[in-house]
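To keep things clear, I will list the structure first and then write my remarks on it.
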Amino acid sequence: MFKSILNFGAYSIVILIAACSDQNDFPEVKDYEKNGRWYNHQQVTWGRSVYDKYCINCHNSKAVGTFKWKQPLEDGSYPPPPLNGTAHTWHHSLPVLLRTINDGGIHMGGKMPPFKDVLTDEEKLAVISYFQSFWSDEVYGRWSKRNSK
């Protein structure tokens with residue numbers, strides 16, 4: 001019995017550490033509100049779960065994309081770019097980001113399949129809020145200014 005209690009305690013500590021480490025993946029709610037972002041903590045949290053289910057296999061953890069994403073693969077297609085604000089994603093308006101998720105990236109030289117009939121509009125917005133949560137305030141500010149015109 002002592003061994004099972006010890007195992008349960010060790011398991012609980014592992015779960016607690018994993019849960020705590022996930023909290024640092026994106027800014028706190030107050031940071032979103034303070035910096036005038038269009039989304040909230042709940043959208044980011046939901047977006048993370050959608051991202052983990054549909055996007056992480058290609059765009060990788062924390063939306064870092066793939067190494068050498070600007071260089072075509074052997075078949076001529078391009079690998080998944082970073083979505084975390086270090087690539088060109090921040091140049092695109094919300095409607096363009098939604099259209100890319102809906103239509104996929106094949107017409108742009110990538111391999112991303114269309115998600116129009118896979119994700120709801122709310123899930124798509126949640127995914128965008130998740131990867132935008134990695135954008136620095138400077139990058140988000142440039143995106144916001146560029147798209148307020």
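Computed from the coordinates by the stated procedures, all read-outs in this text should not be read as laboratory data. On a predicted model such as this, the values are computed, not experimentally measured, just so you know. Neighbour counts are summed over all protein chains in view; Cβ atoms, including those assigned to glycine, are modelled from backbone coordinates with ideal geometry.
When a/c reaches 1.5 or more, the comparison of a/b and b/c decides; with that in mind, is the stretch 49-90 rounded, prolate or oblate per its Cα gyration tensor?
Taking the square roots of the gyration eigenvalues as a ≥ b ≥ c, the stretch 49-90 is oblate.
Around Ile106, with a cut-off of 14 angstrom between Cβ atoms, what is the net charge of the other residues, counting Lys and Arg +1 and Asp and Glu -1?
That sum, taken over residues with Cβ under 14 Å, equals +1.
In the stretch 27-147, what is the count of Lys pairs whose alpha carbons are under 27 Å apart, counting only pairs at least 8 residues apart or on separate chains?
27
Just want the answer: with Cβ charges of +1 for Lys and Arg and -1 for Asp and Glu, which residue in Ser136, Asn40, Ala63 is farthest toward the dipole's positive end in the stretch 27-147?
Ser136
In Å, what is the Rg of the alpha-carbon atoms in the stretch 27-147, and how long is Dmax?
Values for the stretch 27-147 (Cα only, Rg and Dmax): 13.9, 45 Å.
Spin-label point model (7 Å from Cα, Cβ direction): what's the Thr120 to Arg142 distance in nm?
Calculated label separation equals 3.5 nm.
Using a simple charge model, +1 on the beta-carbon of Lys and Arg, -1 on the beta-carbon of Asp and Glu, nothing else, what dipole does the stretch 38-149 show about its Cα centre, in debye to the nearest 20?
I would put it at about 320 debye.
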